[in-house]
Structures are given as C-alpha cells and as structure tokens.
1. Taking the stretch 50-79 as the region of interest, how many residues are touching a helix residue (DSSP H, G or I) at 6+ places or on another chain (Cβ under 6 Å) and within 19 Å of residue 100 (Cβ to Cβ)?
2. Just the residues that are of a type in the set (S, T, N, Q) and farther than 21 Å from residue 93 by Cβ, please, taken from the stretch 26-73.
3. Among the numbered criteria (1) under 30 Å from residue 147 (Cβ atoms); (2) loosely packed, with under 11 Cβ neighbours inside 10 Å, which single criterion is violated by residue 124?
4. Output the number of residues of the stretch 76-111 satisfying the condition of being under 17 Å from the mean Cα position of the chain (by Cα) and surrounded by 11 or more Cβ atoms within 10 Å (Cβ to Cβ).
5. Would a scan of the stretch 57-72 turn up a residue that is surrounded by fewer than 10 Cβ atoms within 10 Å (Cβ to Cβ), modelled with pLDDT of 80 or more and over 30 Å from residue 114 (Cα atoms)?
6. Can you name every residue in the stretch 98-129 that is touching a helix residue (DSSP H, G or I) at 6+ places or on another chain (Cβ under 7 Å) and within 30 Å of residue 143 (Cα to Cα)?
Amino acid sequence: MTDKELRRLRRQDLLQMLVAQTKEAARLDAELREKKEEIDGLQESLERLKGKLDEKDEMIGKLKERLNEKDQILEEERTGSRESQDRLKEKLDAKDAMMERLKRRLNHKDERIQELEEEMKVLQGDKWRELEDDGTAAEVLLRLRALFR
C-alpha cells in the first residue's frame, strides 16, 4: 500500500490493520516457539542416539581388542605343536561363534525392547481412552494409580 493510500484510510481502518498485524505476529511467534521446541526435542533424540552409537562403538572396540588378543595368542601357539594349534583354533572358532550368537541375541533383544515400547504406548493410549470413556475424574485417578503400580 502506498503512502497516499495509507493517508486516505480512516483511523479505525488503520487500527484494524494494526490489530491484524499484531495477531499475525503473535501467531508467528507461537509457531516459532513450537518449531524451537520441536528442534529441541529432535536434538535430544539425536544426543540419545549418539550415546547409543558411542556405546555400540565401544562394544565393537572391546570385541576387536578381544579378537586381537586371541589372534596374538594363536600366533604364539603356532610355534608349539600342531595339536595345540588345532585346539586353540577350535577355541577361537567357538568364541567367535558365541560372540556372533551374542550379537544376534543383543540385536534381537534391542528389537524386542522397541516392540515392547511401542506396544506399551499403544496399550497406555488404549487405557487412557478406556478411562476417559468409563467414568468420573475420581474413578480415572484411581485407575491411573492402579495402572502405574
């Protein structure tokens, strides 16, 4: 709008424009706060994931150290008899197989934990809806206490 058009407007029209702009600014501020909260939540999730990755990396490092130690032991034993070398190789293979089984179990447990967490969310949501449908605030409070015991 040009200066000339603005000057022609009545005081009430100008006030209405100002109110509309103020409402829009307030809405945009609220939206900005909401987006900032969302970003904060995502950053927290990222930090948790980084922590989990660090733990997994540490675990892998320990597994590599153990594997290197076993390789060193195997190398030292090669100088000994062929029979002891065969025994050590069998032990190493057994340990490696056990580590693989443990890794698979760990991955399976992680997946199961995720499934159970999702199931728990669904069940809690169902309970909330059931509680909301079933009764008064006092009844809901009693059921909530029973739910979290």
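The values are calculated or read from the model by the stated rules, or taken from the named source; none is laboratory data. Not measured: the values here are computed from a predicted model. Here the Cβ positions follow ideal geometry from the backbone for every residue, glycine too, while neighbour counts run over all protein chains shown.
1. Of the stretch 50-79, the ones touching a helix residue (DSSP H, G or I) at 6+ places or on another chain (Cβ under 6 Å) are 70, 74, 77-78.
From the residues that got through so far, the ones that are within 19 Å of residue 100 (Cβ to Cβ) too are 70, 74.
Residues that pass the stated criteria total 2.
2. First, pick out the residues of the stretch 26-73 that are of a type in the set (S, T, N, Q): 43, 45, 68, 72.
Within the stretch 26-73, 43, 45 qualify.
3. Status for residue 124: all satisfied but (2).
4. 1
5. no
6. Narrowing the stretch 98-129 to residues touching a helix residue (DSSP H, G or I) at 6+ places or on another chain (Cβ under 7 Å): 99, 127.
Answer for the stretch 98-129, where residues must be touching a helix residue (DSSP H, G or I) at 6+ places or on another chain (Cβ under 7 Å) and within 30 Å of residue 143 (Cα to Cα): just 127.
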